[in-house]
Structures are given as structure tokens and as C-alpha cells.
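The block underneath contains the structure these notes are about, expressed in C-alpha cells.
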Amino acid sequence: MSLTGVKAAKDPVDVKNYSTDWSALLEADGATAIASSVWSVSVPAGLTIHANAPYAPTIVGMKTTIYVSGGTTGASYRVSNTIVTNSVPALTYRKTLIIPCASQ
């Protein structure tokens, strides 16, 4: 299942966090936890997903969070989060966030 949402614009100089709350979707399907979470960004180039502390991606309960920086003013970035649940059989979901970049 893939869902899409538009997020508030970020300035190219900001390091900003974005979160996805999976609880309603997972609870409806009987899942109890997220086993893994992978984030990716599509073209255009320029937006960075941080992978190391203190800005490493996190899973807290049924909420996933990333930190991003960079970007080009006027560009919109598609940032996707794919998760796999700990249920048997494991369920896989993806949400795509649209992050516009604007100087503020």
C-alpha cells in the first residue's frame, strides 16, 4: 500500500525532521510493531537524508522519523518511507512525502 502526503516547505539551509505515524493503518491490519524502516529520496538531486547520529532515522512505537537537509529553492522532493511489520506474515507499506523547498 502506498500513500502520499504534502509537507510544509523547508529552507535549503534547514536541517528538518519529518515523521510518519503508521499507527492507524497498522492497527487496522492487526500489526503490532515496525520491524524495519527504509527512507529514500527521488530526483531532483540535492536533498540529503541524514543517516548518522544525532540525526539518524528512528522508529519509536509506530512512528518513523528522518532528518533532511539541503535542497534547491523551487524544487519539490519525493521522500519515501517503506516499512515492514513484525507480523506473520510480514506486511509491507510505503508512504511518500512531498517536501517543497523554499527560501524563507
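Please treat every number below as a calculation from the coordinates, not as lab data. Because the structure is a prediction, the values reported are computed rather than measured. When we count neighbours, we look across all protein chains shown, and the Cβ atoms used for this are built from the backbone with ideal geometry, even at glycine.
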At 20 °C and 1.002 mPa s, what whole-number value in µm²/s does Stokes-Einstein give for the translational diffusion of the chain, with Rh from the Kirkwood sum over Cα pairs? 152 µm²/s
Going from the fewest other Cβ atoms within 10 Å to the most, one would list ILE98, ILE34 as ILE98, ILE34
Full extension between ALA90 and ASP11 adds, at 0.36 nm per residue less the Cα distance, a length in nm of 24.7 nm
Cα extents of the range 1-46 along the three principal axes, largest first (Å): 40, 18, 18
Which far-off residues, 5 or more places away or on another chain, put their amide H under 5 Å from the one on THR72, with H placed in the peptide plane? none
Could you work out the local net charge near SER80, counting Lys and Arg as +1, Asp and Glu as -1, over the other residues with Cβ closer than 9 Å to its Cβ? +3
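For the chain, what does -39500 (n - 2.57) per DSSP helix run (n ≥ 4), summed and divided by total residues, give at 222 nm, in deg cm²/dmol to the nearest 500?
Only helices count here, giving -1500 deg cm²/dmol.
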Could you tally the net charge around MET62, taking each other residue with its Cβ under 9 Å from the Cβ of MET62, Lys/Arg +1 and Asp/Glu -1? -1
Explain nothing, just the number: dipole magnitude of the chain about its Cα centre with +1 on each Lys and Arg Cβ and -1 on each Asp and Glu Cβ, in debye rounded to the nearest 20. 160 debye
In whole Hz and in residue order, list the ³J(HN,Hα) couplings for the range 21-38 that follow from phi through the Karplus curve 6.51 cos²θ - 1.76 cosθ + 1.60, θ = phi - 60°; x for Gly and Pro. 9, 9, 4, 4, 5, 5, 4, 5, 9, x, 7, 10, 7, 9, 7, 8, 9, 10
